[in-house]
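First comes the structure, then the notes that go with it.
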Amino acid sequence: MSVPARLDSDLIAVGGKTYRVTAAFVADVDSDYSSSSGQVPMAVRPEGALATPGRRDGSTPMQYTGVTSVGLRVRPRLVVTVMQGQGSETGDTENVDFTGGGARVRFLLYQIDCATTCPTGPVFRSRGVAIVDAATWATTGHGRAVIRAKRPLPAGTYRIFVTRVINGYLLVDNLNAQLTVGPAKASGFVDRSGAV
């Protein structure tokens with residue numbers, strides 16, 4: 001006898017780890033069989049993990065989809081898309097449902113010239129930003145994390161690092177992208193020429 005079970009956050013509340021599965025048979029009063037029960041361990045790996053602990057299979061990449069250029073006095077909107085079922089798992093239709101709130105990422109912005117070695121550290125550091133189901137989650141399994149920087153940044157170029165906050169549901173590679181902050185450039189204007 002088998003009983004199908006969906007491994008969601010209700011059943012595996014902390015994601016990947018080893019769980020004890022218990023099965024029990026309760027015999028009827030007039031049964032020829034005795035009641036019995038048993039337990040077995042069941043190992044659950046986070047999405048994107050290989051059997052070797054800490055190793056990734058490349059099926060859960062992140063892609064930076066936020067702004068890459070903003071004007072002065074603008075708080076940049078930082079966005080990352082987390083994909084599932086990529087690479088070797090393109091046929092995998094089971095995806096982590098991000099609505100449980102267990103998966104998070106952290107955004108860090110550093111000046112481009114010193115990046116992670118800047119003596120003053122990052123110019124912006126978010127707390128763990130929840131990954132939520134993207135509008136296309138039902139068909140793609142994608143999730144999104146969105147945050148707006150607390151304040152505008154000085155003119156310059158910045159390196160954006162996106163790291164996952166340790167969780168049992170998802171194992172992804174860290175990501176880096178670039179953001180340029182500078183004066184807005186006007187376009188579409190004609191200076192002293194043209195015809196109506």
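The values are calculated or read from the model by the stated rules, or taken from the named source; none is laboratory data. Values in this document were obtained by computation on a predicted structure and should not be read as measured data. Because the Cβ atoms are built from the backbone with ideal geometry, glycine has one as well, and the counts that use them run over all protein chains shown. Just so you know, the surface numbers come from the protein's heavy atoms only, side chains and all, with ligands and any DNA or RNA stripped out. Shrake-Rupley method; radii C 1.70, N 1.55, O 1.52, S 1.80 Å.
Before moving on, here are some points about what is shown:
- Within segment 81-108, residues that are on the phi > 0 side of the Ramachandran plot sit with their Cβ atoms under 6 Å from residues that are modelled with pLDDT of 75 or more and not in a helix (DSSP H, G or I), at 6+ positions apart or across chains, in these pairs: 85/141; 87/58; 87/59; 101/130.
- Within segment 31-46, considering residues that are open to solvent by 90 Å² or more (accessible area, probe 1.4 Å) and not hydroxyl-bearing (Ser, Thr, Tyr), the one farthest from the chain's Cα centre (by Cα): 32
- Segment 47-64: number of residues that are more than 12 Å from the chain's Cα centre (by Cα) and among the β-branched types (Val, Ile, Thr): 1
- Residue check for residue 5: under 20 Å from residue 93 (Cβ atoms), exposed (fewer than 12 other Cβ atoms within 10 Å of the Cβ) and either among the aliphatic types (A, V, I, L, M) or modelled with pLDDT of 85 or more (or both): yes
- Hits in segment 52-73 (condition: more than 30 Å from residue 157 (Cβ to Cβ) and open to solvent by less than 80 Å² (accessible area, probe 1.4 Å)): 52, 54, 57, 59
- Where a residue in segment 16-30 is without any contact (Cβ under 8 Å) to a residue 40 or more places away in the chain and open to solvent by 60 Å² or more (accessible area, probe 1.4 Å) and its partner, wherever it lies, is among the aromatic types (Phe, Trp, Tyr) and part of a loop (DSSP other than H, G, I, E, B), with Cβ under 8 Å and at least six apart: 25/33
- Meets criteria (open to solvent by 90 Å² or more (accessible area, probe 1.4 Å), in a loop (DSSP other than H, G, I, E, B), farther than 30 Å from residue 157 by Cα and at pLDDT 85 or above) for residue 10: no
- Residue ID - nearest to residue 162 (Cα to Cα), chosen from residues in segment 41-66 that are hydrophobic (A, V, I, L, M, F, W, C) and in a loop (DSSP other than H, G, I, E, B): 50
- Among the residues making up segment 110-140, a single one is at pLDDT below 90 and within 15 Å of the chain's Cα centre (by Cα): 140.
- Only one of the numbered conditions (1) assigned to a loop (DSSP other than H, G, I, E, B); (2) at pLDDT 85 or above; (3) small (Gly, Ala, Ser) is not met by residue 38, and that is (1).
- Within segment 165-174, the set of residues being open to solvent by less than 50 Å² (accessible area, probe 1.4 Å) and in a loop (DSSP other than H, G, I, E, B) comprises 167, 168, 169, 171, 172.
- Of the residues making up segment 120-162, just one is polar (S, T, N, Q) and buried (at least 18 other Cβ atoms within 10 Å of the Cβ), namely 126.
- Residue in segment 74-89 that is touching a Lys or Arg at 6+ places or on another chain (Cβ under 8 Å), within 18 Å of residue 132 (Cβ to Cβ) and surrounded by fewer than 16 Cβ atoms within 10 Å (Cβ to Cβ) present: yes
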